Structures are given as structure tokens and as C-alpha cells.
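J.: My questions will all concern the structure given below.
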Amino acid sequence: MRERMKKVKSVQYPQHEISFILNGKKVSCKTKGSAVLLDVIRDVFELKGTKPGCHEGECGACTVLVDNVPVNSCLFLAVNADGKNILTVEGLLHADGTLDPVQESLVQNGAVQCGFCSSGMAMSLKALVHQYENAHPVAGEIKKGIPSRDEIKKHLEGNLCRCTGYVKILDAAEKLFLNNE
Amino acid sequence: MKKNLKVIGKPIPKHDARSRITGEAVYGHDIVLPHMLHGVILRTEHPSAIIESIDVSAAKKLPGVVCVITADDVDVNNISYKRDHPILKKNEVNCIRDEIAAVAAETKEIARQALKLIKVKYKIRKGIYDPHEALKKDAPQINKFIGGKFSNKNIAETFHYEHGNLAEEKKKSAVTITRRFTLPRVTHACMATSNITAHYTKTDKKLLLYSSTQVPFLYQRDMAHALKMNPSDIRIIQPVIGGGFGSKLDMYPFEPICALLSIKTGRPVQILYSREEEFIASPTRQPMIIDLTVGADAKGNFTFREINIIKDNGAYTSWGATTPFVIMQAFSSLYKIPACCFDAMAVYTNNVFAGSFRGYGNPQATFALERMIDLLADELGMGKAEIRLLNANEKGEVTGQGLHYETCGHKECLETVIAKSHFKKKKSPEKSGRYKRGIGLASMLHVGGGAKIYRSDGCGTTVKIDPYGFCTVITGSTEIGQGSETVLAMMAAEELGIDLNKIKIINTDTDVKPWDVGVHASRTSFVAGNSLLGAIKILKEKLNKKAAQLLNTNDSYFDYENGNIYLQNTNGGEPANAKKNSVLKKNSEIPDSSFVKLDKVVREMHFGEPNELAIASYFYEPSSKFQDKTFKGNVSGTYAFASQSIEVEVDTYTGNVKVLDIYVAQDVGKVLNPLLLDGQIEGGILQGVGYALSEELLVKEGRILNPNFHNYKMLTAADIPNIHFYPVETNDKQGPYGAKGVGEAPLIPTAAAIANAVCNALAIELLDLPVTPEKILKALAEKEKLKKQTV
Ligand code: FES
Ligand code: FES
């Protein structure tokens, strides 16, 4: 996946007008073909919650959801966001200021230290929640599964954290799913 | 201080976590100022070369470029505590980080483009990358700014320490072992890369810096020296910091460079490192070679340690050169040691320079000395738990170096992890099969109450209460993600009896906050905590006086709870019965003569005679001593101890090590917040596991070979072992509520315990970190060869 994106990046696009849904609102902007979504989110729309940890697709700090799928926005070309539904950490916050359960669980379980990895972690976990909410729609009953701790570990493998040692992040994820049940 | 704690000891989530997980918190990378320029730095292409010429003319002409500077354009002083580091290099370069020029431009892209237009002509020299080579008589002098102070021109710093009668103790020794240990270069890899935004205003000639420094007041002074400015004309504001771990303890060239670009242009300038630049140009842990000789008598009592350390200083000096302060403590005072002779030197090479990193030399020292204890035990035919318990430190001990253990949880830590991990049952691993399990032990000693390495190790605090009953704590200390803000807020809530959400912490502005040494040596909860408690005590005296007046009493004993000040029942220790009744009365308007609302007291202080503020300041200076020239003296207010017992499984086919379980017991004095404490323990341990097994900044001929997360192997969520943590509470009377510093300890013994476990599993001898599969397979192959030869 990462490799493929790297290749795409080298293709030159002309200046491009793009429109997409950003945290529930329709937005549009002009962008260079080579611009990545991370820079557009941070510099054009001035949403600074999505963090640049490496700009190389290796740390996950820049994770956002594109149509509910987690991507490293530092490798995702902005032009490919055209027509898509983009969710950043700012979009998790409810209008009344309450946190998304994913965020709340990370806060309550002590999973946020310096916080630079935290928005990426939250977005990755949000993606996992989406996967599970929609994972087993057996006819007649919607079964909500719970991922195992190992599955959560695997899911978060692309999100580096230097502060927490990941334990509290995994605790937060587990409790989130237990509470959701 | 109160006895029945209501807030302290509770698992309270981090006070600032919400803002950090919603995108509200502003990190250095998020700062955008009007009219801001983007700065980038041109670094050398060669680690050792003469600069024949620098041509910036094409870069200057590029549209959008506002300023280009080289050493010739600036009038500055060298930086580093040795003043051996020029901000911009001229005539020659000596390490791959060397800054040659800097550009400020309207956009990052233009600035980067401009770098490519700068032409530098180099005459490449043969560099020196091995400290032993640098010590040779005919080696050229690497750093030209320091010289003559030591016997050899490439020595940057030396330390000598000794206690006890070495010759005597050698005679007493039944066994003596000598080994050489080699420790790698690892890097902090903070998730936020280095960053700074500088804003110089020409009208008033003042410099405002948004900097992630851990030591704002020392930084302000260093910056002023570098730029030849008055320190008070420099204001440091700390944005939210995306990881520290010691990396931001010093000032590095990019910071004054950014200031210079702003001074030259009169516009705000921002420099953000790329991840690659971060790997190449930010400091590392000190690589070192430790020659260690140890002895023990026939019963297993340790007799002496003799240590000789050579540290690769790199081309310039940063705090890495001073890590022997901490290293010698481990050697002189971890376990009972009758005699110790310690020498360390930092040697200039053309490698990248080392800074400070969580643990400050202690992980290296502990690795060598704890590996050595296992070798001693083997030689004596003793158990690895027994030999440690026999020699463990004790309460009341004053070590050869003069460290005074008024409380000491060393034995308890050891006993705890030995019992919990079933160490004694597991110590003899299976002899056959592909996967082999082993278990290893290690302990550590670290300062737990600051470290008086400057003349003061103090911290100032101002506390005020507003007329609405909210409290503002203005502390000199700094939050780097470790949770110090939360712990301070908890202390204030505890002492003043008000809700946590009524406490505000102000700690980011040198123009506002009182002086403090900075975040290092695991000192913040201890030193800033004591400082806050001191300020609150003074404030309460004022509040008590007014409360007494309002309650019409001569009594001076009050309890602070629920936002009220209660008259204490002076007949008994328990708070007044009236209080319980008053809870009922609180909501009604019935006047009660047993309590008064805190906010009312503050209003009465403001508006009633003698009209004063509800504000107090306090400067806390720990009782520790500034060590003398022989490095003897009680350098810290208290000391922290920890032991870890770690079980691993090694795949003998691939050499892969899987860390299964980590049992850790740590003398934390008192648990202030178990949730944050766990976070410090787990995060520290994982850094320790990385140090043990996977992390190494690979350097060849002065160049960094793996400057990215792909090749510099940090652990991920998938790699984590089970961590079992047992806090040991020794309630040190020096500490706030009995607490000691905790931040660095967890990573210190981890690598040693893991290496001991691997050696236990495979019956091999490992003396280097990291313990990579290649090293394991090599050691296994050698063992096989030896076996065949002896058959
Ligand atoms: S910034 Fe995108 S993966 Fe690191
Ligand atoms: S909390 Fe600091 S990197 Fe994860």
C-alpha cells in the first residue's frame, strides 16, 4: 500500500480544483498535483490537529479517515481526496464540546502523554470502531464484535508513540469496545 | 500537609489530555504568525573537510528568498557549556551536522530550493571516527576552540572519582573479573521534530522565541550569550512540547540561527526539522566503551569496582560529556561498594555529538555493572538473586560518595520482583529445543530529589486565588508530556480543597514564571511540588487570618474542603463535627459560624481592611549539596531505586528475542497519581527494551546510515511485553507527600535485565548493546565451535 502511494506521488498533476467533505462540511480548494493531503489539511484549511511526525509514511501521526479508511495523509495525494469524505481529529469532537468515545477513552485511560501521536492514534482507533460496527451485519441481527488485544496491536502497528509504551493506548482501545458492547 | 488525602493518590487523567487529543493544543509545528518566513539550514556534505568557498549569490536572487546568512554575516559567540561550538561553521567542517548557511524565504519550498543553489567548495579530509584514534599523539586537533586544558588535544572532558582503599579490597577479593562493554548511539526520536519560531521586533529590539526547550531560564541565558544580547530582552514561550526525554536540555545551533534570521529580516521565522534532519542533527545518547574490573570476596560481598570509560564526544560538546556525574553514582553507590576508582573521558571525534537522554548515562553504567554481577555470581557459583540481595543498599546508608539514603527501597524492590517473577524457579532454563527461555535481573539507583549540578537546584512558584475561588499556579517548571502540570494541579486541589477544574497552571513564559533550573534529573514533581506546597503554606496563613476574622474566632486551625474554609475542631485530630452538619447547611442560607466560603475570604481580603491580595510566592531549594571537586556529597534530596526481572524467549534459529514479561518494582516514595505513574513506567520500559534489542543509530565514517523510522527500529504496539508494576512506597520525608522522582528510572535497568535474561537462556556472554539477532547467532556459533574443540 505504502509502496504504491510512493509511486503515485511522483506523477505530476496540473493545478487542480478539488472538493471534498471535510469533517462533515463541503469544502474546495486549488492544489498542486504533488500536494499531499496532510499539507492541505494543515496549511490550506488550518486544521493543525493532524500531526506531521515524519512526512514519510512511517509514523502514523498524520492518520486521517478517507471514507472511513485510515490513511497516512502525508502520502495521500490531495487530488485523490476529490469527492471523498475526510475525517480529521477535529471532526471527532461533538458540537457541544464533548469528546468522541475514542478520544474520551484515550484521555480517561492515561493514553495521552506528549500527545503528538494522539490524534493519529484516535483516528486509527476510530477506523477500527467503524470496522467493527459494520463487521458482522448478519441478517436480522447486527452483531457487534470485539477485537482481541492482539488484533488491536496489529491495527495500531503503523502508529508510533515514544512516550506511553502503548500499554495505556491498548487499554483505552479495549475498554472502548467493552463499553460499546 | 493533610493526612486524609482526597486527590493525591487517585488515578486522575492528565489535565491537558483533552486539548491534546482534539487538535486544540498548539505545538511548535502549529504556530503561524503574520508575515512569517520559513527557515532552512544548509549542512555540510562531508563530515570532515576544509571549506574553500561558499557562494550564496544564486540563492539570494531566487524570488521569495528574503535572507541568506553564513558565518561571515553574523557576530556571535560559540555555544555549548564548553563554548566549543560555532553556530555557523567557517573555514572547516567537523561533523555531518555542521551548519554552513541558512535561508529564510516566503515558503518552505522556496527556502529548500534556495539551499540547492548555494555552492560550497570542500577540500575533503580524512576524518577521525574512533576515539582511540583521536587519542593518538599524531592525530590532528579536531575541535580548535578548546585546547591545552587536558593532556591530549582531543580530550574534551575528564572525570576522576575514588573512594575506599582499592589495593586492600583487591587483596580481599576471591574473584576478580575484567570486561569491556560497548554501548551504542541511540536517539530520542521525539514524535515532534525539533522546532523553533523566532520573532524579533526591531522597534524595541526584543526577541520572542517559541521554543520547546526543557530549561527555559538556562536557555535564555545561553541564547543571550550566543547572540550578544541582554538575557532580559529575550522572552521564551514554550508551546506544547511533543516529547523531550532530555533532547531539549541544551541549545543547539538551529535555535540561534533562527533568531538570527529573524533579527536580520525583522520578521518571524520558523524552522521545523524534517524527520531525516531530526535523526541526523539532533543529539544522541552517548556511545561509550566501559572497561570494568570488579571483585568479590568468597562469600559474594562486593569488594571494589574499577572503571575506565571512553566516550565518543563527537566534534562539539553538549551535555553528554557530563554524564559521568550520574554514571559515577551508579558505580560508586549502587549496591554496597567498599572501594571504587572511576575515570571517564570524553574524546572529540568527527562523529555527531551526544547530548543528554533520559537516564543521563545511567542506562550505560547499569548495563555494564549489572551484567558484571551475573558474571561474578557465575564465577562464585552463587545465585543471581542471592548475590544481589546480599549486597543491596539499605536505609540509613551513607555511600562512599556521600549519598545519604534516608529511605531506600532497594531490597524491597529486589525481593518483590524475585518473588513475583518466580525468579528462583525459572533461573535454570531448558537445555534443548529451538526456543529457549531465560530470566534476568537488574537494579538501578538514580537521583530522586533533583540533582544539584548547578549551584541552585531550586524552583519558584506563585499561587493566587481569584475572587471567584479559582486558583492559578504560576510555576517555574515545565511540562514536556510527563504530566507535571496535572500533579501540581492535584497538589493545589488537595491543599486548597477546591475542584481540580478550578486550578489553572501557568508555566510557559519566562517573562511571567519564576526561576527554575528546568526539567531534568526526574526532579519536577519533587522540586516543583515542594515549591508549590511552600507557596500554598504561605498563602494559607493569609487566608486563615481573614477566615478567623470573618468567623469571629481566635483559632488558627482550619480545614480546606469543598471550596470552604472550616474551623478545625481543636479538641481532637479529626476535623470538626460541624463540618458534617455544614454539608447539609451548605445549600441553605442558614449562616454557619464554623465555615466560610473560600471565595468570600478572598473578596474580603481584597475589599476589606487591610486590603491585600490572595497571593504568595515561594522558592524551594532542596537540602542537597553542590558536590565538591572530588564529587563527594549528598547531591540529591532523595534517591530512587528500582529492580526489574525480565523473562525472554530466544529463537535459536533466527536469533530473535521476544520479551515476555517484565516485572518491575520501583521505590517511588509515594504514588501521587497511579495512572500517570504507570505511564512513566511503561513508556520508560519500552524505551529500555528498544535500547536493549533494536535501536541503534548506525554511523559509518561520520555519516548516519539509518535516518528514518523505517531503518531505525523503534518498537510498535505489536512488540510490547506484559509489564507488571509494583510501586514501593518508602514515604521520604523530603518529598511532597513522600514522593520521589520517577521519570528516568524505568528505562535504566531494562537493557541490563534483558541482556542478562538472554545470556541466561543461551549460556552465552554478551557485552554489547543492542542485543541483535546477528550478535546472538554469532555468540551461539562461537559456543558451538568451542564445544567441538573441547570434545
Ligand atoms: S507523518 Fe505521515 S506517517 Fe508520519
Ligand atoms: S504520547 Fe508522546 S508520542 Fe505518543
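The values are calculated or read from the model by the stated rules, or taken from the named source; none is laboratory data. A quick note: this is a predicted structure, and the numbers were derived from the prediction, not measured. Cβ sites come from the backbone with ideal geometry, for glycine too, and all protein chains shown count toward neighbours. Ligands, DNA and RNA are excluded from the accessible area calculation, which covers all protein heavy atoms including side chains. Shrake-Rupley method; radii C 1.70, N 1.55, O 1.52, S 1.80 Å.
J.: What are the pairs with Cβ atoms under 7 angstrom where one residue, in the range A:149-161, is within 7 Å of chain B (Cβ to nearest Cβ) and the other, located anywhere, is aromatic (Phe, Trp, Tyr)? Sequence gap at least six, or different chains.
T.: Going by the 7 Å Cβ cut-off, the qualifying pairs are A:Leu160/B:Phe709.
J.: Pick from the range A:30-69 the residues that are assigned to a strand (DSSP E or B) and free of Cβ contacts under 8 Å to residues at least 40 places away in the same chain: which of them is most open to solvent (accessible area, probe 1.4 Å)?
T.: A:Lys30
J.: Among the numbered criteria (1) more than 10 Å from every other protein chain (Cβ to nearest Cβ); (2) surrounded by 17 or more Cβ atoms within 10 Å (Cβ to Cβ); (3) among the charged types (D, E, K, R), which single criterion is violated by A:Glu133?
T.: (2)
J.: Being assigned to a helix (DSSP H, G or I), more than 22 Å from B:Phe357 (Cα to Cα) and touching a residue at least 24 places away in the same chain (Cβ under 8 Å) narrows it down to one residue among B:Lys170, B:Lys123; which is it?
T.: Every option except B:Lys170 fails the conditions.
J.: Got a number for residues in the range A:56-71 being within 16 Å of ligand 2 (Cβ to nearest atom) and not hydrophobic (A, V, I, L, M, F, W, C)?
T.: So the answer is 3.
J.: Would you please name the residue that is nearest to ligand 2 (Cβ to nearest atom), looking only at residues in the range A:72-87 that are touching a Phe, Trp or Tyr at 6+ places or on another chain (Cβ under 8 Å) and assigned to a helix (DSSP H, G or I)?
T.: Applying the filter and picking the extreme gives A:Ala81.
J.: Could you please give the count of residues in the range B:407-441 that are in a loop (DSSP other than H, G, I, E, B) and modelled with pLDDT under 95?
T.: Summing the residues that are in a loop (DSSP other than H, G, I, E, B) and modelled with pLDDT under 95 in the range B:407-441 gives 8.
J.: To continue, here is another question. All but one of (1) within 16 Å of ligand 1 (Cβ to nearest atom); (2) open to solvent by 10 Å² or more (accessible area, probe 1.4 Å) hold for B:Glu729; state the number of the condition that does not hold.
T.: (1)
J.: Ok, one more. Mind checking which residues of the range A:83-95 are over 22 Å from B:Gly28 (Cα atoms) and facing another protein chain (nearest Cβ under 7 Å)?
T.: A:Leu93
J.: All but one of (1) modelled with pLDDT of 95 or more; (2) outside any strand (DSSP E or B) hold for B:Ile662, so report the exception by its number.
T.: (2)
J.: Something else now. Residues of the range B:714-757 being of a type in the set (Lys, Arg) and either closer than 23 Å to B:Tyr360 by Cβ or part of a helix (DSSP H, G or I) (or both), which ones?
T.: If the condition is that a residue be of a type in the set (Lys, Arg) and either closer than 23 Å to B:Tyr360 by Cβ or part of a helix (DSSP H, G or I) (or both), then B:Lys740 is the only one that fits.
J.: Right, next: What pairs come out if I take residues in the range B:179-208 that are under 19 Å from B:Asp511 (Cα atoms) and within 16 Å of ligand 1 (Cβ to nearest atom) and pair them with residues that are polar (S, T, N, Q) and open to solvent by 10 Å² or more (accessible area, probe 1.4 Å) whose C-beta lies under 7 Å away, six or more apart or interchain?
T.: Partner pairs satisfying both residue conditions: none exist.
J.: Further question: Could you check the range B:220-234 and list, in sequence order, the residues that are open to solvent by less than 10 Å² (accessible area, probe 1.4 Å) and assigned to a helix (DSSP H, G or I)?
T.: Within the range B:220-234, B:Met223, B:Ala224, B:Ala226 meet the criteria.
J.: Among the residues of the range B:263-273, is there at least one that is within 14 Å of chain A (Cβ to nearest Cβ) and under 25 Å from A:Val112 (Cα atoms)?
T.: Checked against the condition, which is being within 14 Å of chain A (Cβ to nearest Cβ) and under 25 Å from A:Val112 (Cα atoms), the range B:263-273 yields at least one hit.
J.: Do the conditions hold for B:Phe150, that is, is it of a type outside the set (Val, Ile, Thr), modelled with pLDDT under 95 and open to solvent by 60 Å² or more (accessible area, probe 1.4 Å)?
T.: No: the conditions fail for B:Phe150.
J.: If you don't mind, there's one more thing I want to ask. Residues in the range B:645-684 that are open to solvent by 10 Å² or more (accessible area, probe 1.4 Å) and more than 10 Å from every other protein chain (Cβ to nearest Cβ): how many?
T.: Residues that pass the stated criteria total 16.
J.: Considering B:Asn507, B:Asn501, which residue is out of contact with any Phe, Trp or Tyr (no Cβ under 6 Å at 6 or more places or on another chain), free of Cβ contacts under 8 Å to residues at least 12 places away in the same chain and outside the structural domain of B:Glu682 (by TED's automatic domain parsing)?
T.: Exactly one residue qualifies, and that residue is B:Asn501.
J.: For the range B:176-208, which positions are touching a Pro at 6+ places or on another chain (Cβ under 9 Å) and away from chain A (no Cβ under 14 Å)?
T.: Listed by number, the residues that qualify are B:Thr182, B:Leu183, B:Pro184, B:Arg185, B:Ala198, B:His199, B:Tyr200, B:Leu208.
J.: Also, I was wondering about something else. Would it be correct to say that A:Leu92 is more than 16 Å from ligand 2 (Cβ to nearest atom), open to solvent by less than 10 Å² (accessible area, probe 1.4 Å) and at pLDDT below 95?
T.: no
J.: Given (1) within 9 Å of another protein chain (Cβ to nearest Cβ); (2) among the polar types (S, T, N, Q); (3) more than 24 Å from B:His410 (Cβ to Cβ); (4) touching a residue at least 60 places away in the same chain (Cβ under 8 Å), identify the lone condition not met by B:Gln687.
T.: Looking at each condition in turn, B:Gln687 falls short on (3).
J.: Restrict the check to the range B:773-782 and report whether at least one residue is modelled with pLDDT of 95 or more, under 21 Å from B:Thr178 (Cα atoms) and crowded, with 21+ Cβ neighbours inside 10 Å.
T.: Within the range B:773-782, not a single residue is modelled with pLDDT of 95 or more, under 21 Å from B:Thr178 (Cα atoms) and crowded, with 21+ Cβ neighbours inside 10 Å.
J.: Still on this structure: Which is more than 16 Å from ligand 1 (Cβ to nearest atom), part of a loop (DSSP other than H, G, I, E, B) and among the hydrophobic types (A, V, I, L, M, F, W, C), of B:Phe159, B:Phe150, B:Phe217?
T.: B:Phe150
J.: Further question: Working only within the range B:694-718, note down all residues that are open to solvent by 30 Å² or more (accessible area, probe 1.4 Å) and within 30 Å of B:Arg523 (Cα to Cα).
T.: B:Ser694, B:Glu696, B:Lys713, listed by residue number.
J.: Out of the residues in the range B:464-498 meeting the condition of being within 14 Å of chain A (Cβ to nearest Cβ) and open to solvent by less than 10 Å² (accessible area, probe 1.4 Å), tell me which one is farthest from B:Ser617 (Cα to Cα).
T.: B:Gly481
J.: Now a separate question. Under 7 Å between Cβ atoms, at least 6 apart or on separate chains: pull out the pairs that start in the range A:96-125 with a residue that is more than 7 Å from chain B (Cβ to nearest Cβ) and end on any residue that is within 14 Å of ligand 2 (Cβ to nearest atom) and hydroxyl-bearing (Ser, Thr, Tyr).
T.: Every condition considered, the pairs that remain are A:Ala111/A:Thr164; A:Gly120/A:Thr63; A:Met123/A:Thr63; A:Ser124/A:Thr63.
J.: I need the helices (runs of 4 or more DSSP H) fully contained in the range B:523-629, keeping only those with at least 3 residues that are more than 37 Å from the chain's Cα centre (by Cα) and modelled with pLDDT of 90 or more.
T.: Where helices (runs of 4 or more DSSP H) fall fully within the range B:523-629 and carry at least 3 residues being more than 37 Å from the chain's Cα centre (by Cα) and modelled with pLDDT of 90 or more, they are B:529-550, B:598-607.
J.: Just name the residue that is farthest from the chain's Cα centre (by Cα) out of those in the range B:106-147 that are open to solvent by less than 100 Å² (accessible area, probe 1.4 Å), over 13 Å from B:Leu42 (Cβ atoms) and of a type in the set (A, V, I, L, M, F, W, C).
T.: Checking each candidate, the answer is B:Ile110.
Table: residues versus (1) more than 14 Å from ligand 2 (Cβ to nearest atom); (2) modelled with pLDDT of 95 or more; (3) farther than 20 Å from A:Gly110 by Cβ.
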residue	(1), (2), (3)
A:His130	yes, no, yes
A:Glu133	yes, no, yes
A:His136	yes, no, yes
A:Lys144	yes, no, yes
A:Pro147	yes, no, yes
A:Gly158	no, yes, yes
A:Thr164	no, yes, no
A:Leu176	yes, no, no
